[in-house]
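The values are calculated or read from the model by the stated rules, or taken from the named source; none is laboratory data. This one's a predicted model, so the numbers in the text were calculated from it and none came from an experiment. Here the Cβ positions follow ideal geometry from the backbone for every residue, glycine too, while neighbour counts run over all protein chains shown. Just so you know, the surface numbers come from the protein's heavy atoms only, side chains and all, with ligands and any DNA or RNA stripped out. Shrake-Rupley method; radii C 1.70, N 1.55, O 1.52, S 1.80 Å.
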Amino acid sequence: MSVLDTLPLLVVVLLLVAGSGADPDAVLVAFDGDQTPDELAGPDASGPLVVAGGQFTVPANASVDGALYVVGGTATVEGTVDGDVTVLAGNLTVADPGVVAGELQSIGGQTDVAAGATVARRTSVDVTPRERTLAERVGVLAMQALALAALAFLLARRYPTALATVGDAATDHALVSGVVGALAGTTLLVGLVAMAFTIVLIPVSVLGVFAEFLVVAYAIVAVGARLGRVFPIERNDVAAATGTAALVVALDLLDAVPVVGALVALAVVCVGLGAVLVTYFGLQRFEPVQLPG
Amino acid sequence: MRAFALARRRDVPGLLGYALFVALMTAGYYYNITFVQLGLIDLGTRVVGLPRTTVSLWMGVLALCTFVAAVAFGVAMDRRGWSTSLRTKLRILLGVVAVQFVLTVAAPFVETAPAFGAWIVAGSIALGVGFPTSFALAIDTIPVPDRGYVAALITAVTYGLANAIPLEWSIDVFATVMTVAMLPGILVLGAVASGRVSAIETVLDDLATNHHDYGRGRFNHPDPVSTRSLAFLAPLVLMFGVFFVDSLGFLRIIETPTLLLTSWQSPRLETRLAIAVAHVLGALAAGVLYTNFSKNGVFLWIFALFALSHVLYTTDLRIASVFPAAASDPALANPLLYAIAVSFYTTLNFALWPDLATTATIGTHSAIGIGMAGWLATFTSTAVALYLAHADVTLLTHLNLVNALALLLLFGLAVGLYAKRMHDIATRHDDPTDRDQQEYDDGAADPTADRATTEGDR
């Protein structure tokens, strides 16, 4: 597991440690190799331990004073953990006669508790998405389509020119819009993730992701409104709403086509995002530079 | 693209012109980024046995000689009218490739410091004559509107091949491969330049008059860009900065074994292919942006991408310094972003200099542009990178320095563009009599209003 792969989970661990009132500076991380608590933290250390990779073993005659977090690799408890144990990813085995005096919380990864092991309290959070029934899928899709259609209806009534400008850029300059959208979307996402790694900028990063999500929603509405213009509907606002709902349904249906479907949906979103950006959210028509010759 | 129109009209000479330019530029650039930039370091340090600092000094000599030879020859090309004579340029290129072939065959047998120095001087003269000549072929073969896309194609092919099929970075391997590749190239170029093959002569007759239509580059309207104008000097300084930043970072990255695992020398095919794809996509994106936006926008993207990729590299290194075990498996995201940035500036480099020139200045502007921004910047940064490595500057400090430069250029350019816009607005307010001209400059007279403003750095 690379640093960048592990880092998001380490950030979560640091937030959990800070939330529990412990000192995040005291956290010790095992990344690889075979390690024991003494080797990782020394005999006197009591800070939270994090297993991010390799093999970490609490031997039968040893104990861990504080909390133990598993975000990668394999951890085996044959001795005693006095604090809580949280498994976010990786593998945890509480062997016989291992003891977890605090709470054993399984959020992700694999947790095995031997019959002879002692765990004071055990909870698990199932983060695996449940397979939706057809009715649920249709319901969720209808909700999404209705919400974005309502947004399209409102925007088409209040800002019809802006919406049309973005839509025109998406169709008349699809390649340019697609390139700008893909580039801006990727670099923004990478930049926002990099911000999150600093921990201090996590709120900015979250806000940025939310803002990017809003821009994508606006892009879908604008492309949908453009699609609505080809329908035989006289009223602009109704056409925009209908087009947006149709686009949302079409994007969802594309999911059923392996690989190509996802690529087409991604291309549509990139074109829309780029069209929003090159037209300054529809404030100015996009015209490429005039090349001589 | 004009190429599609040519294809529809079945204009074979026009299409062969594209093929000739792309083939020559791709081969030349591949030779430069492999044999010259990497092979000579191996030749100097391993085969000749010179210390790294001495080799860095010789690389500086190579850059300086190439620059001087290029400028001297570029100016001579323009003054003597060779720039507009297609056949003369092809004959010169044949001579250059023949000399480079001999030098390439001889390179692995260079064993002493004086021979190494002599090789460097001879090689730099061949390079200095070769690149303004090959860039000047753009005015015979590539219509102005297609230069961004053609530049993207050259970049995509060169870096795609270099990453997908990597070679061992040793002078022997480079020399063998280049020798095998150059032989058929010399034969074809010989046939083209000989003037004795009637079918080829027909094609050349057709291409030879193109400079009347293609000769005036994109940025030479309404007035030609002069060599001493800000319109030429500003992109020159920016391109110097781009090449310097890239080489300063790249040369240290390839010296670091863990980072090499995710570079184009990675032993994993999937890693190399991923980088190759990133290079190709980056080049194509740059081609689209160059064709549809002002060049300043592309510059801003380049510096932003370099700054971001170095932020990621340094973040990785900082984390690895806290958790040393994590350094064994660096993330692939960094080299992918880096590859996109490199493809961006390479594409810009291939399109920019012909577009900043006319038939009267193509030799001079290409020579100064590539010589100063490309060669001088690359080998100056090579020398600095080798010096820093020799002075035991840590990898983190080194990349921090590169990152600082990229950020400085990014914000410097952004502030400069904003200040220029302010100056334009202030000037317009001060001189109401000149309002019509200002409105024309800002594009108010046509629908390309905003774009014309950003374009207007003449």
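Miscellaneous remarks
- Accessible surface buried at the A:B interface totals approximately 2900 Å², computed with a 1.4 Å probe on protein heavy atoms.
- Scanning residues 5 or more positions from A:V99 or on other chains, those with amide H under 5 Å from its amide H are A:G79, A:T80, A:V81, A:T118, with H placed 1.01 Å from N in the peptide plane.
- Cut-off under 5 Å, modelled amide H: who pairs with A:T86 long-range: A:L68, A:Y69, A:V70, A:Q105
- Residue by residue, the range B:8-21 carries 3J(HN,Hα) couplings of 5, 7, 6, 7, 4, x, x, 5, 5, x, 4, 4, 4, 5 Hz when phi is fed to the Karplus relation 6.51 cos²θ - 1.76 cosθ + 1.60 (θ = phi - 60°); x denotes Gly or Pro.
- Cα shape, the range B:76-124, gyration tensor, a/c 1.5 rule: oblate
- Dividing the helix sum by the residues of chain B, where each DSSP H run of 4 or more adds -39500 (n - 2.57), gives a mean residue ellipticity at 222 nm of -24500 deg cm²/dmol.
- Its residues counted as N, chain B yields a C-alpha radius of gyration over 2.2 N^0.38 Å of 0.99.
- Choice from A:I202, A:I233, A:I220 showing the highest fluctuation, given a GNM over chain A with Cα pairs closer than 10 Å: A:I233
- 5 angstrom amide H check on A:F56, placed H, neighbours 5+ away: A:Q35, A:T74, A:A75, A:T76
- Working from label points 7 Å from Cα in the Cα-to-Cβ sense, the B:A113 to B:V12 distance is 5.8 nm.
- Table column - 3J(HN,Hα) (Hz), the range A:259-268, Karplus curve with 6.51, -1.76, 1.60, x for Gly and Pro: 6, 4, x, 5, 5, 5, 4, 4, 4, 4
- Across the options B:G160, B:A118, B:V144, the greatest Cα extent toward the positive end of the charge dipole of the range B:78-174 (unit charges at beta carbon of Lys, Arg, Asp, Glu) belongs to B:V144.
- The range B:120-171: translational diffusion in µm²/s, Stokes-Einstein, Kirkwood Rh over Cα pairs, 20 °C, 1.002 mPa s: 159 µm²/s
- Per-residue shielding of B:143-151, expressed as the average number of other chain Cβ atoms within 10 Å of the residue Cβ, stands at 2.
- Within the listed set A:V64, A:V176, A:V138, the Gaussian network model of chain A (springs between alpha-carbon atoms below 10 Å) gives the highest mean-square fluctuation for A:V138.
- When the Cα atoms of the range B:1-155 are aligned to their principal axes, the ranges along those axes come out at 58, 31, 23 Å in descending order.
- Shape category assigned to the protein assembly as shown from the gyration tensor of Cα positions, a/c cut at 1.5: oblate
- Across every direction, the projection of the convex hull enclosing the Cα atoms of the range A:7-54 has a mean area of 3.3 nm².
- For chain A: rounded, prolate or oblate by the Cα gyration tensor [a/c cutoff 1.5]: prolate
- Per-selection Rg to Rh, the range A:20-110 - Cα, Kirkwood hydrodynamic radius: 0.91
- Gaussian network model of chain A, springs between alpha carbon atoms under 10 Å - residue of A:A60, A:A52, A:A182 with greatest fluctuation: A:A60
- Rolled with a 1.4 Å probe across the full set of protein chains, the surface gives B:M25 an accessible area near 10 Å².
- Label-reachable residues, the range A:85-127, where backbone N falls under 15 Å from a point 7 Å from A:D38's Cα toward its Cβ: none
- For the range A:67-125, the ratio of Cα radius of gyration to the globular rule of thumb 2.2 N^0.38 Å stands at 0.94.
- In the context of the full set of protein chains, residues of chain B present 40 Å² of accessible surface per residue (probe radius 1.4 Å, heavy atoms only).
- Rounded to whole numbers, the Karplus 3J(HN,Hα) couplings from phi for the range A:116-125 are x, 7, 10, 10, 4, 8, 10, 10, 9, 10 Hz, using 6.51 cos²θ - 1.76 cosθ + 1.60 with θ = phi - 60°, and x at Gly and Pro.
- FRET efficiency, A:I199 to B:R80 (Cβ-Cβ, R0 56 Å, nearest 0.05): 0.30
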